[in-house]
Amino acid sequence: MISHFNVPATVVVGAGASRQLVPQLERLGVRRVLFVTDRYMIDRGTAGALVADLLQAGLEAVVFSGVQPDPTDRNVAAGLALLRERKCEAVVALGGGSPLDAAKAIAVLATNAEPLAQYQGYHRVPRPGVPLLAIPTTAGTGSEVTKVAVITDTTRDVKMMMLDRHLLPTVALVDFELTLSMPPALTAHVGVDTLTHGIEAYVSRKATALTDPLALQCIALTAEHLETAWREPGNRAAREGMMLAATLGGMAFANSSVALVHGMSRPIGALFHVPHGLSNAVLLPTVTRFSLPGAPERYATVARTMKWCGADVSAADAGRLLVDGLAALNARLEVPRLRACAGVEAGRFGDSLAKMSADALASGSPQNNPVVPTAEQIAELYREAF
Ligand SMILES: [Fe+2]
């Protein structure tokens, strides 16, 4: 079987990597950039410091901070209008998955026809976008190294998943120092999202010889560092480990795939605005239990990589230990049950099960799962996770 593997042409990793932005822009011959970020990065001063670097080097930056959590087609349209009006030659993205995904959409719409919705799905973007430099501040979505963007279509209330190599950033600047002040709850949610990337990339029907080692290393680093990063936000070794885990997990799932957890997670985000990391974290134990029979050996390897059992334990027992271990990890990290997430109301949740199950299936991700569920089974899993 032939597989393709795409990652950004340049990935700069390490303490202070974000300050390589100016030399990277100069290398690309870019003078004026659209700087896409969100309110939080402006208020914290992270965006200001990087923009100051650009101005000092004689470059021009047009700041667009109108990206909301769960970015929408309207956010993308506003950023694109600014890019056109100010004739920006490249896009710089700073933040978590939301600014990075919005920036990807803006960069490709700069050179491709609107509307964005026509690019939903796989390999639908005809032309490369303008250069995109991505600087992640969470660890994380891995968006800085993926060819995936998720944008909410506000007319249909659907999170559109787009996968295309033209969505890959040109440069990723992976600087763990930007994550040192992340609050514990966010650290937990995006950290379990990272773990989900590693697990889903590894058990996916589309896993490849190139993605397996990246996925397993993502899982091993998460096992080693996530709880420390959550307990001790300033722990540099733990933050560095989680940042690497996020980047490796991104490379793995973007070239393998995500599966049922992500497929079921997006409708929760679209309808109830539960953040991406949290909605994955609440689903991971339940969906793993459902999926075990489809890939028992692979799940056993995940359990062993987490160091939750040794090589002498049978695959069946390792699978059970994995499910229990994931539930216990969520409990230690204070990940709430789905019913306790802000915005999720029991009545509306029950009424939405049919739409959420249909939208999950339509996204294509459940079809990569070790066990491919029916819509009824997805609804049952939502009820269980609730
Ligand atoms: Fe994710």
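Here is a yes/no grid of residues against (1) modelled with pLDDT of 95 or more; (2) within 24 Å of Leu244 (Cβ to Cβ):
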| residue | (1), (2) |
| --- | --- |
| Pro99 | yes, yes |
| Val108 | yes, no |
| Ala117 | yes, no |
| Gly121 | no, no |
| Thr141 | no, yes |
| Phe176 | yes, yes |
| Pro184 | yes, yes |
| Val192 | yes, yes |
If we keep only residues of the stretch 297-323 that are touching a residue at least 60 places away in the same chain (Cβ under 8 Å) and part of a helix (DSSP H, G or I), then the residue nearest to the ligand (Cβ to nearest atom) is Val302
Identity of the residue in the stretch 152-174, at pLDDT 95 or above and among the β-branched types (Val, Ile, Thr), that ends up nearest to the ligand (Cβ to nearest atom) = Val174
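State which residue is farthest from the chain's Cα centre (by Cα) when the search covers only the stretch 327-361 and only residues that are among the small types (Gly, Ala, Ser), over 27 Å from Pro233 (Cβ atoms) and surrounded by fewer than 16 Cβ atoms within 10 Å (Cβ to Cβ). First the steps, then the outcome.
Here is the first cut: in the stretch 327-361, the residues among the small types (Gly, Ala, Ser) are 327-328, 331, 340, 342-343, 346-347, 350, 352, 354, 357-358, 360.
After this cut, where a residue has to be over 27 Å from Pro233 (Cβ atoms) as well, the list is 346-347, 350, 352, 354, 357-358, 360.
Checking the rest, the ones that are also surrounded by fewer than 16 Cβ atoms within 10 Å (Cβ to Cβ) come to 346-347, 350, 354, 358.
On the way: Ala346: 27, Gly347: 29, Gly350: 27, Ala354: 25, Ala358: 22 Å.
Selected residue: Gly347.
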Checked the stretch 227-249 for anything of a type in the set (Gly, Ala, Ser) and more than 16 Å from the ligand (Cβ to nearest atom); matches are Ala229, Gly234, Ala237, Ala238, Gly241
Number of positions in the stretch 297-324 that are buried (at least 24 other Cβ atoms within 10 Å of the Cβ) and in contact with a Gly (Cβ under 6 Å, 6 or more places away or on another chain) | 1
Matching residues, the stretch 2-39, being open to solvent by less than 40 Å² (accessible area, probe 1.4 Å) and closer than 19 Å to Val63 by Cα | Ser18, Leu21, Val22, Gln24, Leu25, Val30, Val33, Leu34, Phe35, Val36, Thr37, Asp38
Of the residues that sit in the stretch 123-151 and are within 16 Å of the ligand (Cβ to nearest atom) and among the charged types (D, E, K, R), which one is surrounded by the fewest Cβ atoms within 10 Å (Cβ to Cβ)?
-> Lys147
Check the stretch 27-43 and report whether any residue there is within 16 Å of the ligand (Cβ to nearest atom) and among the hydroxyl-bearing types (Ser, Thr, Tyr).
-> no
What's the number of the condition Thr222 fails, among (1) within 16 Å of the ligand (Cβ to nearest atom); (2) at pLDDT 95 or above; (3) open to solvent by 10 Å² or more (accessible area, probe 1.4 Å); (4) not basic (Lys, Arg)?
-> (3)
Only one of (1) part of a loop (DSSP other than H, G, I, E, B); (2) within 21 Å of Gly96 (Cα to Cα); (3) open to solvent by 10 Å² or more (accessible area, probe 1.4 Å); (4) not hydroxyl-bearing (Ser, Thr, Tyr) is not met by Arg205, so which one is it?
-> (2)
Identify, by number, the condition in (1) without any contact (Cβ under 8 Å) to a residue 24 or more places away in the chain; (2) assigned to a loop (DSSP other than H, G, I, E, B) that Pro213 doesn't meet.
-> (2)
The number of residues in the stretch 164-205 that are touching a strand residue (DSSP E or B) at 6+ places or on another chain (Cβ under 8 Å) and of a type in the set (D, E, K, R) is 2
Can you tell me which residue within the stretch 71-85, out of those that are of a type outside the set (A, V, I, L, M, F, W, C) and within 20 Å of Gly97 (Cα to Cα), is nearest to the chain's Cα centre (by Cα)?
-> Pro71
May I ask you to list pairs of residues, at least six apart or on different chains, whose Cβ atoms are under 7 Å apart, with the first in the stretch 339-368 being over 12 Å from Phe272 (Cα atoms) and the second being open to solvent by 50 Å² or more (accessible area, probe 1.4 Å) and part of a helix (DSSP H, G or I)?
-> none
All but one of (1) over 19 Å from Met160 (Cα atoms); (2) outside any strand (DSSP E or B) hold for Pro126, so report the exception by its number.
-> (1)
Among the residues of the stretch 4-11, is there at least one that is at pLDDT 95 or above and not in a loop (DSSP other than H, G, I, E, B)?
-> yes
For residues that are over 24 Å from Val174 (Cα atoms), open to solvent by less than 20 Å² (accessible area, probe 1.4 Å) and outside any helix (DSSP H, G or I), scanning just the stretch 250-296, find the one that is nearest to the ligand (Cβ to nearest atom).
-> Ala259
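The values are calculated or read from the model by the stated rules, or taken from the named source; none is laboratory data. A quick note: this is a predicted structure, and the numbers were derived from the prediction, not measured. All Cβ positions, even for glycine, are placed from backbone atoms using ideal geometry, and neighbour counts span all protein chains on display. These area figures cover heavy atoms from the full protein model, side chains too; ligands, DNA and RNA do not enter into them. Shrake-Rupley method; radii C 1.70, N 1.55, O 1.52, S 1.80 Å.
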